[in-house]
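Q: Here you go, one structure.
Taken together, the values in this text are just the output of simple stated rules run on the coordinates, not laboratory data. Worth saying up front: this structure is predicted, and the values here are computed from it rather than measured. All Cβ positions, glycine included, derive from the backbone under ideal geometry; neighbour counts span all protein chains shown.
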Amino acid sequence: MYRFLLTPRWWGINVFVLLAIPFCIFMGSWQLGRFEDRVQDHRAADKQAAAAKTEAARPLTELLPVDTNTSGKQATATGRYGKQLLVPDRELDGKRGFYVLTLLRVDGGQALPVVRGWLPGDADPAKAPAAPTGEVTVTGALQASESPGANGVSAAGGLPEGQTGAISSASLVNLVPYKPYDAWITLEKADSGMKAVPATAAQNTGLDLKAFQNLGYTGEWFVFAGFVVFMWFRLLRREVEFARDAALGLTPAESEEPADSKERAKPRTEGEKAPASSSPTT
């Protein structure tokens with residue numbers, strides 16, 4: 001009854017199933033591993049952020065370039081404030097507002113973007129307090145350059161003069177007359193009545209949309225594996241039923257043939273008259 005399993009058609013089906021199931025399980029396990037890695041990175045980032053608040057601030061140059069190990073650590077730099085920009089459409093405590101971003105010119109001609117605080121409402125230069133004059137030393141949490149379109153950072157262009165959508169060296173290099181660092185800091189204590197902007201976790205270390213996409217893909221691959229097994233058993237059962245019907249002399253053609261056609265197909269015995277035609281004579 002199961003000889004059909006040795007036919008070329010079923011050889012192809014079996015080979016496909018034997019390859020598809022391990023592949024689906026492997027891909028599902030890989031996606032699950034990616035999700036677990038992101039969870040672990042998220043926990044490590046939280047621990048690092050908590051530890052950074054109690055660590056002593058270090059010179060900026062000792063913490064560059066910014067990576068997952070240095071993001072969020074307290075950095076200190078000395079210089080003079082220069083050009084000031086506003087970063088619109090930023091939320092804090094569930095309210096919409098804007099950042100006040102001022103470039104701190106340090107030795108060597110480079111400038112460090114410093115978020116001095118947050119204010120509610122639309123970005124308005126009249127609301128933003130002027131930066132302190134003279135040489136200042138700032139301390140704040142070190143952050144990596146933002147990526148437009150990620151983590152709530154606006155990717156919209158056409159902003160008014162004096163505004164920037166993202167805090168990144170690529171965006172600021174066209175707005176300021178000096179070379180900005182590929183990093184920025186947010187002050188631990190905001191200036192002039194503004195609210196301090198909390199540091200964010202390093203990129204790819206939070207439970208963001210990508211993390212839950214990995215979890216969703218994990219479920220999809222395991223569902224695919226179960227579907228392959230289900231379809232194989234369904235095809236097998238159907239083939240077994242066909243083989244059983246054939247062994248009993250039953251075929252779909254015989255079982256579906258109308259009864260009157262079978263009657264017409266019977267051979268007539270001698271002397272048996274054919275049934276009269278029901279069509280009228282002309």
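Q: I need Ile25, Ile167 ordered by Cβ neighbour count within 10 Å, fewest first.
A: Ile25, Ile167
Q: A further question on this structure: List, in order, the whole-Hz ³J(HN,Hα) value for each residue of the stretch 227-236 obtained from phi through the Karplus relation with A = 6.51, B = -1.76, C = 1.60 and θ = phi - 60°; use x for Gly and Pro.
A: 5, 4, 5, 4, 5, 5, 5, 5, 5, 4
Q: Next question. Charges only on Cβ, +1 for Lys and Arg, -1 for Asp and Glu: so what's the dipole of the stretch 72-200 about the Cα centre, in debye to the nearest 20?
A: Using Cβ point charges on Lys, Arg, Asp and Glu, the stretch 72-200 gives about 160 debye.
Q: Follow-up. Using DSSP, restrict attention to beta bridges with both residues in the stretch 72-200 and report what percent are antiparallel, rounded to the nearest 5.
A: In the stretch 72-200, DSSP labels about 85 percent of beta bridges as antiparallel.
Q: Please list, ordered by chain and number, the residues whose modelled amide H lies under 5 Å from the amide H of Lys195; skip anything fewer than 5 residues away on the same chain.
A: When sequence neighbours closer than 5 places are left aside, the close amide H contacts are Trp118.
Q: Net charge near Asp67: determine it from the other residues with C-beta under 14 Å of the C-beta of Asp67, scoring Lys and Arg +1 and Asp and Glu -1.
A: Taking every Cβ under 14 Å from that of Asp67, the sum is -2.
Q: Under 8 Å for C-alpha pairs, at least 6 residues apart: give me the relative contact order for the stretch 72-200, rounded to a whole percent. Write out the running numbers ahead of the final one.
A: Working: 298 pairs, mean separation 39.7, N = 129.
RCO, the stretch 72-200: 31 percent.
Q: Something else about it: Quick query: amide H of Asp89 versus all other amide H atoms, modeled in the peptide plane; which residues come in under 5 Å with a sequence gap of 5 or more or a different chain?
A: Those qualifying (amide H under 5 Å, at least 5 residues apart or on another chain) are Gly97, Ala123.
Q: Would you work out which of Gly162, Asn174, Thr186 lies farthest towards the positive end of the dipole of the stretch 72-200? Charges go on Cβ: Lys and Arg +1, Asp and Glu -1.
A: Projecting each Cα onto the dipole axis, the largest value belongs to Thr186.
Q: Here's a follow-up. Translational D (Stokes-Einstein, µm²/s) of the stretch 72-200 at 10 °C and 1.306 mPa s when Rh comes from the Kirkwood sum over C-alpha pairs?
A: Reported coefficient: 110 µm²/s.
Q: Now a separate question. In the structure shown, do any of Lys179/Lys210; Lys95/Lys189; Lys47/Lys210; Lys47/Lys179; Lys47/Lys127 have a Cα-Cα gap over 26 Å, and if so which?
A: Lys179/Lys210; Lys47/Lys179; Lys47/Lys127
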